[in-house]
Amino acid sequence: MSKLSHVFALLTLMMIIPLSGQSQCKHFAKQVCKKELAPYIHNGNYNAAILTEGETAEMYKTFYSNQNYRVYICESSAMPRIHFQVLDINRNVIYDNKKNGYKMKWDFIPESSQQLIISLKVEDGENDSDGDPISGCVAIMIGIREKGENAP
């Protein structure tokens, strides 16, 4: 094999491996996290990514007035604690799980339709003996209840 074909093979492999990890993370969200939304109905979007301790991620989502919502943050078992907040578009904190015992579910009914930001931070955990940061799948799951069902 020529050097060029070795380089091409290496570049191809480097592109495929991250996609495989993301695919496994999405599968984790479908198989494990979705069940935790019950009795809320999943909105059909799987927002999942592999994050490493110390990393942050944000998702913008429109929520509609007078609907019952559940936001659920789901992580693979080896992950350090996840600190999540729900912010309005002006970055005012609406909900902070750190102030609520790091609960990973939040049920709410918006008074008005608005775009909100779900902000996550994987807190620093205990590194393994090699000092490698801990990584794992983190999913943001959104569920909704039909009108007329019991409010949160």
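The residues of segment 9-35 that are modelled with pLDDT of 90 or more and not aromatic (Phe, Trp, Tyr), listed by number, are Cys25, Lys26, His27, Ala29, Lys30, Gln31, Val32, Cys33, Lys34, Lys35. Just so you know, in segment 72-105 the residues that are over 15 Å from Lys121 (Cβ atoms) and of a type in the set (Lys, Arg) include one that is farthest from the chain's Cα centre (by Cα), and it is Lys103.
If you check Pro80 against the conditions, is it modelled with pLDDT under 95 and either in contact with a Cys (Cβ under 9 Å, 6 or more places away or on another chain) or outside any loop (DSSP other than H, G, I, E, B) (or both)?
So Pro80 does not fit the description; no.
Looking at segment 54-80, which of its residues are free of Cβ contacts under 8 Å to residues at least 60 places away in the same chain and under 11 Å from Val138 (Cβ atoms)?
Listed by number, the residues that qualify are Met79, Pro80.
Residues that are assigned to a loop (DSSP other than H, G, I, E, B) and under 19 Å from Lys103 (Cβ atoms) within segment 56-77 comprise Ser76, Ser77, listed in sequence order. Please enumerate the residues belonging to segment 83-124 that are surrounded by fewer than 16 Cβ atoms within 10 Å (Cβ to Cβ) and in a strand (DSSP E or B). Those that are surrounded by fewer than 16 Cβ atoms within 10 Å (Cβ to Cβ) and in a strand (DSSP E or B): Asp88, Val93, Ile94, Asp96, Asp107, Gln114, Gln115.
The residue pairs whose first member lies in segment 95-120 and is without any contact (Cβ under 8 Å) to a residue 40 or more places away in the chain, whose second member is part of a loop (DSSP other than H, G, I, E, B) and among the basic types (Lys, Arg), and whose beta carbons are closer than 6 Å, counting only pairs six or more residues apart or on different chains, are Asn97/Lys103; Tyr102/Arg81.
Looking only at segment 128-141, residues that are touching a residue at least 12 places away in the same chain (Cβ under 8 Å) and assigned to a loop (DSSP other than H, G, I, E, B) come to 2 in all. Every test in (1) farther than 19 Å from Arg145 by Cα; (2) aromatic (Phe, Trp, Tyr); (3) out of contact with any strand residue (DSSP E or B) (no Cβ under 8 Å at 6 or more places or on another chain) is passed by Tyr64 save one, and that test is (1). The residues on offer are Tyr95, Tyr60, Tyr64, and the sole one that is under 22 Å from Lys26 (Cβ atoms) and among the hydroxyl-bearing types (Ser, Thr, Tyr) is Tyr60.
Among residues of segment 26-44 that are under 8 Å from Met141 (Cα atoms), those with a Cβ under 7 angstrom from a residue that is basic (Lys, Arg) and not in a helix (DSSP H, G or I), sequence gap 6+ or separate chain, pair up as Leu37/Arg70. Among all positions in segment 59-71, there is at least one residue which is crowded, with 19+ Cβ neighbours inside 10 Å and under 14 Å from the mean Cα position of the chain (by Cα).
The values are calculated or read from the model by the stated rules, or taken from the named source; none is laboratory data. Note that the structure is a prediction, hence the values are computed from the model and not measured. Note that each Cβ is placed from the backbone with ideal geometry, even for glycine, and that neighbours are counted across all protein chains shown.
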